[in-house]
Amino acid sequence: MIPIDPSEVWEDIEKIHERSPLIHNITNYVVMNTTANALLAIGASPVMAHAAEEIEDMIGLASALVINIGTLSPPWVASMRKAMSRAGKKNIPVVLDPVGAGATRYRTSTALMLVSEGRPAVVRANASEIMSLQTRGGRTKGVDSLHRPEEAVDVARILSEKFDLTVSISGAKDMIIKKDLTAVVGNGHSMMPRVTGLGCTASALTGVFAAVNPSIFKAATHAMIVMGIAGEIAAEKAAGPGTFQIHFLDALYNLALRDLKERIRAEKSDG
Amino acid sequence: MIPIDPSEVWEDIEKIHERSPLIHNITNYVVMNTTANALLAIGASPVMAHAAEEIEDMIGLASALVINIGTLSPPWVASMRKAMSRAGKKNIPVVLDPVGAGATRYRTSTALMLVSEGRPAVVRANASEIMSLQTRGGRTKGVDSLHRPEEAVDVARILSEKFDLTVSISGAKDMIIKKDLTAVVGNGHSMMPRVTGLGCTASALTGVFAAVNPSIFKAATHAMIVMGIAGEIAAEKAAGPGTFQIHFLDALYNLALRDLKERIRAEKSDG
Amino acid sequence: MIPIDPSEVWEDIEKIHERSPLIHNITNYVVMNTTANALLAIGASPVMAHAAEEIEDMIGLASALVINIGTLSPPWVASMRKAMSRAGKKNIPVVLDPVGAGATRYRTSTALMLVSEGRPAVVRANASEIMSLQTRGGRTKGVDSLHRPEEAVDVARILSEKFDLTVSISGAKDMIIKKDLTAVVGNGHSMMPRVTGLGCTASALTGVFAAVNPSIFKAATHAMIVMGIAGEIAAEKAAGPGTFQIHFLDALYNLALRDLKERIRAEKSDG
C-alpha cells in the first residue's frame with residue numbers, strides 16, 4: 001500500500017469547480033435537500049428528477065447519475081431502471097447506493113436487480129448493505145450497519161469481479177475495492193453516523209468525482225477522502241450533529257489543497 | 001398532581017442510548033430529514049419506508065411505528081393502514097400524528113379511520129387537531145393550532161376511553177391524557193412553533209420513548225419533557241428559528257441528567 | 001426609474017405579521033422543509049398538500065397558492081392543475097415557479113400548460129427558465145440559469161402581456177416585469193445560488209406578499225427585496241452555504257424596518 005497524493009484529489013476538485021458537472025439524482029425523500037446542498041457546496045450542479053417522462057432528456061444533460069433506494073417504491077424503481085439504462089447508452093458513470101439492502105427482501109432484491117441489470121460503475125454502501133448483496137435473504141437492522149468494512153471486503157471483491165464495478169464501503173475506515181485494487185481511507189469522524197444522509201452524500205459526491213475523473217476507482221476513493229476531511233473539519237467546529245451538518249457544508253465549500261495536505265490519511269494498492 | 005422525577009426520564013434515555021431502537025416512520029415529505037436527525041440525535045435508529053412491498057419486513061425489525069399524515073395521499077394511507085395492522089399483530093407501539101386534521105375533510109376522515117381501525121397507542125397532536133377528531137366536519141386553519149391544549153382535554157379523555165389510547169396535546173403547556181390520568185409539561189419555548197416539523201419530531205420521540213418504556217402514558221410524557229427542555233436549551237443559543245433548529249439537534253444529542261434536574265417543569269396525577 | 005420606499009415594503013411585512021396568511025404550497029420534495037421554514041420565519045402559515053382529495057378544502061383556507069414543478073410527475077401535475085383552477089375561482093393569487101423549464105421537454109411543456117391554462121398572477125424563475133417559456137423546445141442546463149435577467153426581459157414582457165401576469169426574474173439583479181412596468185432589485189449575495197431552494201423560497205415569499213398586497217407587481221418586487229436583504233444579512237454572518245442557510249432564516253425572522261432602510265437597493269418605473 002502507498003499513500004495517496006493529496007494533489008491528485010485536488011486536481012479533481014479543480015475540475016469540478018471549472019466544469020460544475022450536472023449530477024442527476026434519483027434519490028430518497030429524506031436526503032434530497034442535504035444532497036443537493038452538498039453538491040452545490042462542492043461546486044457541482046445537482047438536479048433531482050424522477051418522472052419517467054423526463055428521464056431521457058435529463059440524462060442527456062448529465063455528467064453522472066446517482067441512484068439511491070432509501071425510500072423506494074415501484075414507480076421510482078421503474079424510473080431508476082430507465083435512467084440506468086439510458087446512462088449506460090450514453091456512457092456516463094452511475095453510482096448506486098443500495099440503502100437498507102438486507103433490511104427487507106424488497107430492498108435486497110431491488111438492489112440486486114439494479115446491480116446486475118443496471119451495471120453501475122460504483123456501488124457505495126455500508127458493510128451490512130454490501131454483505132446483503134451476496135447473501136440473498138440475509139437481513140440487517142434498518143439502514144445502519146452492523147458490520148465493519150473489513151468484513152465486507154470479500155463480498156465486495158466478488159461483486160467487483162462479477163459486475164466489473166468499484167465497491168466503496170463506508171465505515172470507521174472506508175474501503176474502496178476494484179477487483180484486485182484496494183484503497184483505505186482513514187479520514188472521518190465518529191459523529192458522522194449521527195447525521196442522516198451522510199452516506200447518501202458520499203454517494204452523490206462519488207458521482208461528482210466520477211464525472212471528472214476517468215478512473216472510477218480513483219474517483220470513488222477521492223470522494224471518500226473529501227467526505228472524511230470535511231467531516232473532520234466540521235466536527236472540530238460542531239457541538240453536536242445539528243451544528244455538524246452546517247459546518248460540513250461550509251467545509252465542502254471552503255475545502256483547500258492545504259486541508260488535504262494536512263489531513264489526508266489514505267493509501268492504496270501499490271500497482 | 002405530583003412533580004415528575006427527572007431520574008425516571010433519564011432511565012428511558014439511558015435505555016435509548018443502550019438499545020438504539022429502530023423506529024419505523026411513515027411520515028410526511030416536509031419533515032423526513034429533520035425527524036431522522038432528531039431520532040439519530042437522541043440515540044435511536046430511524047428508518048423511513050412507505051412501500052407496501054416492504055412494510056411487513058420493516059415492521060418485523062422495528063421497536064415502534066410512527067405514522068404522520070402531513071402530506072397524505074391514498075397510496076401512503078394504504079401503507080399506513082397496512083403498517084398499523086402489522087404493528088398491532090407484532091404488538092409494538094404505534095404513535096399517530098394527525099397533522100392538519102380538521103383542515104380538510106380528507107385529513108379528518110383519514111385521521112378518524114386510522115384512530116379507530118389502527119388502534120394507535122398514542123395520538124400526538126395540537127389542540128385543534130385533537131378537537132377535530134371529536135367534531136367530525138369541524139375545520140381549523142391549516143396545520144397550526146387555533147386552540148389551547150386545555151380546550152382539548154375533554155375530547156382527549158373521550159378518545160382515550162373509547163380507543164384505549166394516550167393523547168398527547170402539544171401547546172404552550174403540553175397535556176398528556178390517559179383515561180383518568182393527566183400529565184402537564186411546562187417546558188418548551190415560544191420559538192418552537194416557528195420551526196417546521198417540531199410537532200412531528202415530538203411524535204417521533206414519543207415513538208422512541210414508547211419503544212423503551214412499557215408505560216405508554218409515561219413514555220408520551222417523557223418525550224414532551226425532553227422536547228421542551230431541548231427547546232429551551234436551543235432557544236438560549238439561537239438568534240432565530242434557523243439557528244434554533246440546529247441547536248435543538250445538538251441539545252438532544254448532549255442532553256444530560258443535570259439538564260433534566262435543572263429544568264424539568266412537569267407534573268402528573270397523583271395515583 | 002424611482003427608488004422604492006422601504007416603508008411600503010415594511011407595511012406588507014406588518015400585515016404578514018398581523019394576519020399570518022395561510023400559504024398553500026404544491027412544491028418539490030427537495031425544498032419542502034426549507035420553504036416551510038422560510039414561510040414560518042417571515043410570519044406566514046405554510047401548508048404542503050398535494051392530494052387531489054383535499055385540494056378544494058385546502059384552497060378554501062388559503063390566502064395564496066404557490067406551485068413549483070421542481071420534482072414534477074403526472075399525478076402532482078394533475079393536482080397542480082386542479083389547485084390552480086380552484087384558486088382562480090376563489091380569486092386568490094397563484095405564484096408559479098417553473099423549475100427547470102427548458103431542461104427537459106416535459107418540464108417545458110408542463111410549465112407552458114400551467115401558465116396558459118392556470119393563469120398564475122406571477123411567474124417567478126431564473127432567466128433561462130423564463131426564456132424557455134418563449135422558445136418552446138429550447139434547452140438549458142439543469143435547474144441553474146445560463147442567462148442573466150436582462151436577457152429575459154423581452155420574453156418576460158411578452159408573457160406578461162399575453163397572459164396578464166407579473167414575471168419575476170431572479171439573478172444578480174432581480175427584474176420584475178408587469179407589461180410596461182419594470183422594477184429592478186439590486187439586493188442579494190453571490191452565495192445564494194450555492195444554497196438549494198432559495199429560488200423556491202423566493203417564489204413562496206412572493207406568495208406571502210401577494211396574499212397581503214393587492215398590487216401583484218409590488219408584492220413580487222417586495223418579496224425579492226426581502227429575499228435579497230435577508231441574503232445580505234445572512235452572508236455577513238456565514239462562513240459558507242451551510243451557515244448561510246440558517247442565518248437566512250434568522251434574518252427573515254428578525255427583519256426590521258431599519259434593515260430595509262439601510263440596505264434597500266431597488267427602483268421601479270416612474271409611472
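Read the figures in this text as sums done on the coordinates, not as results from a lab. Not measured: the values here are computed from a predicted model. With ideal geometry, Cβ positions are generated from the backbone for all residues, glycine too; neighbour counts draw on all protein chains shown.
All alpha carbon pair distances within the range C:81-198 were sorted into 5 Å bins beginning at 0; the resulting P(r) in whole percents reads 2, 13, 22, 25, 20, 13, 5, 1. Stretching the chain fully between B:Lys89 and B:Glu14 yields a gain of 24.2 nm (0.36 nm per residue, less the alpha carbon separation).
Taking each residue of A:52-61 in turn, how many C-beta atoms of other protein chains fall within 10 Å of its C-beta, and what is the average? Please report the intermediate quantities before stating the final value.
Values: counts 3, 10, 11, 2, 3, 7, 6, 1, 3, 7.
Taking all residues of A:52-61 together, the mean is 5.
Note: relative contact order over chain B, using C-alpha pairs below 8 Å and six or more positions apart, is 20 percent. Once the gyration tensor of the Cα atoms in the range C:136-271 is diagonalised, the equivalent ellipsoid follows with semi-axes of 25, 19, 12 Å, ordered largest first. Legend: mean number of C-beta atoms from other chains within 10 angstrom of residue C-beta atoms, peptide A:35-47, equals 5.
Phi angles across the range A:38-45 convert, under the Karplus curve 6.51 cos²θ - 1.76 cosθ + 1.60 with θ = phi - 60°, into 3J(HN,Hα) values of 5, 5, 5, 5, 7, x, 8, 10 Hz, Gly and Pro given as x. With each label point set 7 Å from Cα along the Cα-Cβ vector, what nm distance links A:Leu146 and B:Asp180? Output for this residue pair reads 4.5 nm. Pairs of Lys residues in the range A:2-268, spaced 8 or more positions apart or belonging to different chains, with C-alpha separations under 15 angstrom: 10 in total. Around the amide H of A:Leu22, modelled in the peptide plane, lie the amide H atoms of A:Ser45, A:Ser63, all under 5 Å away and 5 or more residues distant in sequence or on another chain.
Plainly put, the tip 7 Å out from Cα toward Cβ on C:Glu8 is 6.1, 6.1 nm from that tip on each other copy, the closest given first. Here the relative contact order of the range B:83-199, from alpha carbon pairs under 8 Å that lie six or more residues apart, stands at 21 percent. Label-to-label distance, A:Lys162 versus A:Ala52, with points set 7 angstrom from Cα along the beta-carbon direction: 2.9 nm.
For the range C:2-268, the C-alpha radius of gyration divided by 2.2 N^0.38 Å, with N the number of residues, is 0.90. For chain C, modelled as a GNM whose springs connect Cα atoms under 10 angstrom apart, the maximal fluctuation among C:His189, C:His222, C:His24 occurs at C:His189. Taking every residue in A:68-81 and counting other chain Cβ atoms within 10 Å of its Cβ, the average works out to 3. Sorted shortest first, the distances from the B:Ala239 label point to those of the same residue in the other copies are 1.4, 1.4 nm; each point sits 7 Å from Cα along Cα-to-Cβ. Here r is the Cβ-Cβ distance between B:Ala172 and C:Ser215 and R0 is 35 Å; the resulting FRET efficiency, rounded to 0.05, is 0.40.
Give the separation of the Cα centroids, the range B:86-120 to the range B:195-271, in Å. Centre-to-centre (Cα) distance: 23 Å. Across all C-alpha atoms in the protein assembly as shown, the radius of gyration and Dmax reach 25.4, 75 Å.
For the pair B:Arg119 and C:Lys237, a Förster radius of 45 Å applied to the C-beta separation gives a FRET efficiency near 0.40, rounded to the nearest 0.05.
Taking amide hydrogens as placed 1.01 Å from N in the peptide plane, the amide H of A:Ala266 sits under 5 Å from those of A:Ile4, A:Gly186, each at least 5 positions away in sequence or on another chain. When C:Pro74 is represented by a point 7 angstrom out along its Cα-to-C-beta vector, the spacings to that point in the other copies are 1.4, 1.4 nm, nearest first.
Taken over the alpha carbons of the range C:1-95 as equal point scatterers, the Debye sum produces base-10 log I(q)/I(0) values at 0.19, 0.21, 0.23, 0.24 Å⁻¹ of -0.89, -1.02, -1.15, -1.21.
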